[in-house]
1. Using mean Cβ contacts within 10 Å as the protection proxy, how do 224-232, 10-18 order, highest first?
2. Quote the relative contact order of the chain in percent (integer), defining contacts as alpha-carbon pairs under 8 Å separated by 6+ residues.
3. Whole Å is fine, so just give me how far the alpha carbon centre of the stretch 388-402 lies from that of the stretch 76-138.
4. Can you list residues whose amide H is under 5 Å from L330's amide H, if they're 5+ apart or on another chain and H is modeled 1.01 Å from N?
5. So how do T341, T263 rank on accessible area, 1.4 Å probe, biggest first, that is with the largest at the start?
6. Convert each backbone phi in the stretch 176-186 into a coupling constant with the Karplus relation 6.51 cos²θ - 1.76 cosθ + 1.60 (shift: θ = phi - 60°), then list the ³J(HN,Hα) values in order as whole Hz, x for Gly and Pro.
7. Lysines within cross-link reach of K139: Cα-Cα under 17 Å, excluding same-chain residues under 8 positions apart?
8. Can you tell me which lysines have their Cα less than 19 Å from the Cα of K328? Leave out same-chain residues fewer than eight positions away.
Amino acid sequence: MRIHSKGYNCEVESDNAFIVADLGEIYRQHLRWQTHLPRIKPFYAVKCNTDPMLLKLLIALETGFDCASKTEIQTLLDLGVDPSNIIYANPCKQGSFIRFAAEHDVKMMTFDNAEELHKIKRFFPNAQLVIRILTDDSKAIVKLSAKFGASLDNTGFLLQTARELGLNVIGVSFHVGSGCYDENAYVDAINRARFVFDQAVELGFNFHLLDVGGGFSYSHKSDVITFEKIASVLGPAVDKCFPSNNIRVIAEPGRYYAASAFTIATHIIARRIVRRDLDEHVPNMDVVQDETTLVAGDDHPSFMYYINDGLYGTFNCILYDHQIVTPKILMKGGKFLFGKTLDEPEYNCFIWGPTCDSIDCITKNGSLPELLPGDWLYFEEMGAYTISASTKFNGFRRSRIIYTTTDPHVLAILDDS
Ligand SMILES: Cc1ncc(COP(=O)(O)O)c(C=O)c1O
């Protein structure tokens, strides 16, 4: 009985999980954006992935940035971003963070409630305010409207309050929810934004900024919503409702830029063979001591693989971002199999992360050929809401990032910046 994959060795750190970041993919996403939404300037949502090379490339590509906190603002200022290219897009801010934004001339910031207006009056009366409105986020994986956004019943009152406080409101923002799968949500939100622009005119404001938020799909797959599909309705809706070129239009894409550029490779550090009793519930699974029992009866063999990154690390997206991840084989028996499918029987498997916590489960529905400790798995599209919320729980290090580019232009762009 073989208990380790061929080619398995344990040289110091050689079996650590690692992430490959393809800067070329980020560049291609940027070109795709410019092709389909040329009027809308992207302000990348930094919270999605704060990787320094990703930020440097986007700075070189002259995007703006959406920041949620003082630390994110500081990171970008340290990288040389002009404060006018930052929007502080968190409607509920800590007072001292507003003061920090004032000290560093980061003027654009969102609000959606009257208390925030009073706070801003106190700490940054010259801020350029953007009213965040409520949207229908029922067609999004991550819903945000329960937490943020002024309803259209309330926008009049908020604008009136801003007027009385002598504050400068310059436009409207919205977010249709992250992972939006219905392009019509954007059209509906644009119509709502138009309504608030008209309200603002009546109150004597001169609005000139429309921020269409995030939620953009990065996918090219026609069975799910594509960026092109969203752009094909959003672009015309913006032009129809906001025909004047005096209206500056920005967006806050996060997932769109970060998701597809990052792939994680993980090592199978252990496995257990189990006999399934047809009940998916783990505690009812019978751990088999001897492989020969596997073939007995009608039992379907299953494996439990333990890998060296998990829910407390990069795979936190399963918990926080409702993601379903797909394992693929990178190395089996010492053979490199990236992008290949194996003509071997597949078995149901569970994949667990490395911590001692049983919530640390990556999938209970894996289907893979039989693997051994020492083999490697990879998971694609791991760039959004992964690394940025990863912890070191149980003493495990965050997976290292290795950079590459599948587009040679990136090197020249970075060199010139
Ligand atoms: C205010 C704001 N803008 C932009 C984003 C980015 O959204 P996405 O990654 O869906 O593009 C988020 C995500 O939560 C957000 O809260």
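1. 224-232, 10-18
2. Over the chain, the number comes to 22 percent.
3. 30
4. W376, L377, Y378
5. T341, T263
6. Working through the residues one at a time gives 7, x, 7, x, 6, 10, 9, 4, 5, 4, 5 Hz.
7. Filter leaves K147, K229.
8. K6, K221, K340, K364
The values are calculated or read from the model by the stated rules, or taken from the named source; none is laboratory data. Please read these numbers as outputs of a predicted model, since none were measured by experiment. A quick note on method: Cβ atoms are made from the backbone with ideal geometry, for glycine too, and the neighbour counts reach across all protein chains shown. Just the protein is used for accessible areas: all its heavy atoms, side chains included, with ligands, DNA and RNA removed. Shrake-Rupley method; radii C 1.70, N 1.55, O 1.52, S 1.80 Å.
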